[in-house]
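Novice: Below: one structure in C-alpha cells.
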Amino acid sequence: MIEYIKNMRKLIGHERLLVAGASIIIHKDGKFLMQRRKDNGCWSVEHGGCVEIGETVEETAKRELFEETGLTANSLELLGVFSGKDLLYTYPNGDMVSIVGTVFLCEDFSGELIRQTSETSDLQWFDIDKLPENISPPVLPALGQCIDLLKKREGAEQFVNYAIELVDAYREFVNAQIAESWSGPFVVSQGILHDTRTHKGFTAVIGNEVAGYILYNIVESDCEITVLESLCEKRGIGRALISAVTQVAKESGCNRLWLITTNDNTKAIRFYQRLGFSLKAVHIGAIEEARKLKPQIPLKGEDGITIAHEFEFEVRI
C-alpha cells in the first residue's frame, strides 16, 4: 500500500476512501493468467494496484504487473475505466474503498513468471470457459467486459482454409491490385519512395483466388512491411501474412519488424496494436513531404479524415 493511502487511513480509519487504480489482464491463446490474492484468498484476473502520485496509469499498470508476475507488458490495449457501485469494496481488514480502475488488456508480453510474491500466493493459467469460482469481486466488471470482447473477436474472425504462398506466382495480380488500391506501384515511408514491384512477399490463397498479400523490405536488421492488404476481412488473413513475414525476418537476423500507416487508417491502427505492435513515433506533417514524391496520395482518407501524419509501428522480434 502506498504511503499516501497509509497516511489517509491514519486520518479516516476504515471509512470509505476513493482510490485510483490501474491493472492489466493477461490473455494468451484463450487463457487468462490469474493470481490468488493473499488478502482475501480469491483469484484475480487483474494484476495491478494504486496509482502513485505523479505516475500515469500506464506506468502503474506495467509496474504492478512486473512486481506481481515478473512479466513485462510490451503493448497495452485500453479495456476501459471501471467505477460505481460494483467497485465498492471492503477488504478483510475492514478498510472500505470506492475504486476507479483503469484496466488494460495485454496479449504481448515477455519475461518469466514469479509464482509467489508478497501479495500473491499463486499464479495459474485458466481457460476462459473454465474460470475458478472464487473470483475477487472488484474484478468482475472488467472480466465480464474482457470476455465479451474476446468472444466477439473470436466470432468475427471466421477462419477459412487458405494457403500462404510466395508472391512470385501471383505478382501480376498483386501489381494490378496495388496500382488500383494504392495508386501504385510506389509507396512512401519516412521520405523514401519504394517500388513495390521489387519487394518480396507472400499471398494468402483460397483455391486459385488471392485473398490477401503482404510485401516487405529488409534493410540491415530492420524488416519493413511496405504493403499489407486483406481482400477477405475478418478471416485471420492479415495475422497469418504478418506471421509469415515475421518468420522470414527472424531467419534473416532482423530484430525489428516495422511499418508506416497514416493517421486516417483507424482500422489498421487498432489491428496492429492487437497484434502486439507498439506505436514508436508519430511523424507530424510527413504526408506533405510524401506527396512531393508521390502526388497521387489523396487529401482525405477513411471517414473523411485529412491524411497528414505517419504513424510508425514496430515490434521487436
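The values are calculated or read from the model by the stated rules, or taken from the named source; none is laboratory data. As the structure is a computational prediction, the values presented were derived from the model and not from experiment. Reconstructed Cβ throughout: ideal geometry from the backbone, glycine too, with neighbour counts over all protein chains shown.
Novice: Filter region 49-88 down to the residues that are touching a His at 6+ places or on another chain (Cβ under 8 Å) and among the polar types (S, T, N, Q) and list them by number.
Specialist: Within region 49-88, Thr69 is the sole residue that qualifies.
Novice: So the check is Cβ under 6 Å with 6+ separation or different chains; which pairs have a first residue in region 165-181 that's under 11 Å from Glu229 (Cβ atoms) and a second one that's of a type in the set (A, V, I, L, M) and outside any helix (DSSP H, G or I)?
Specialist: Close Cβ pairs satisfying both conditions: none exist.
Novice: For region 225-317, list the strands (runs of 3 or more DSSP E) that sit wholly inside it and hold at least 2 residues that are within 21 Å of Gln177 (Cα to Cα); which are they?
Specialist: Per the criteria, 256-262.
Novice: Considering only region 9-29, how many residues are more than 20 Å from Gly48 (Cα to Cα) and either touching a Pro at 6+ places or on another chain (Cβ under 6 Å) or surrounded by 14 or more Cβ atoms within 10 Å (Cβ to Cβ) (or both)?
Specialist: Matching residues across region 9-29 total 1.
Novice: Being in contact with a Gly (Cβ under 9 Å, 6 or more places away or on another chain) and of a type in the set (D, E, K, R) is the filter here, so list the residues in region 66-114 that pass it.
Specialist: Answer for region 66-114, where residues must be in contact with a Gly (Cβ under 9 Å, 6 or more places away or on another chain) and of a type in the set (D, E, K, R): Glu67, Glu68, Asp95, Glu107, Asp108, Glu112.
Novice: Now for a separate question. From the set of residues in region 171-192 that are surrounded by fewer than 14 Cβ atoms within 10 Å (Cβ to Cβ) and within 29 Å of the chain's Cα centre (by Cα), which is farthest from Ala286 (Cα to Cα)?
Specialist: Ser181
Novice: Being over 30 Å from Lys151 (Cα atoms), acidic (Asp, Glu), exposed (fewer than 14 other Cβ atoms within 10 Å of the Cβ) and not assigned by TED's automatic domain parsing to the domain that holds Ser278: is that true of Glu52 here? Working first, answer last.
Specialist: Values: over 30 Å from Lys151 (Cα atoms): yes; acidic (Asp, Glu): yes; exposed (fewer than 14 other Cβ atoms within 10 Å of the Cβ): no; not assigned by TED's automatic domain parsing to the domain that holds Ser278: yes.
So Glu52 does not fit the description; no.
Novice: If only one of Ser221, Ser230 is farther than 25 Å from Thr306 by Cα, touching a strand residue (DSSP E or B) at 6+ places or on another chain (Cβ under 9 Å), free of Cβ contacts under 8 Å to residues at least 60 places away in the same chain and among the polar types (S, T, N, Q), which one is it?
Specialist: On the way: Ser230 fails: farther than 25 Å from Thr306 by Cα.
Answer to the check: Ser221.
Novice: Further question on the same structure: Taking Gln145, is it crowded, with 16+ Cβ neighbours inside 10 Å, farther than 24 Å from Leu215 by Cβ and either out of contact with any helix residue (DSSP H, G or I) (no Cβ under 6 Å at 6 or more places or on another chain) or in the same structural domain as Glu310 (by TED's automatic domain parsing) (or both)?
Specialist: Details: crowded, with 16+ Cβ neighbours inside 10 Å: yes; farther than 24 Å from Leu215 by Cβ: yes; either out of contact with any helix residue (DSSP H, G or I) (no Cβ under 6 Å at 6 or more places or on another chain) or in the same structural domain as Glu310 (by TED's automatic domain parsing) (or both): yes.
Judged against the criteria, Gln145 is a match.
Novice: Report, by residue number, each residue of region 299-317 that is closer than 17 Å to Ser189 by Cα and either loosely packed, with under 12 Cβ neighbours inside 10 Å or acidic (Asp, Glu) (or both).
Specialist: Residues satisfying the conditions are Leu299, Glu310, Glu312, Glu314.
Novice: Turning to a different aspect of this structure: Which members of region 238-267 meet the condition of being surrounded by fewer than 18 Cβ atoms within 10 Å (Cβ to Cβ), without any contact (Cβ under 8 Å) to a residue 40 or more places away in the chain and in contact with a strand residue (DSSP E or B) (Cβ under 7 Å, 6 or more places away or on another chain)?
Specialist: Ser252
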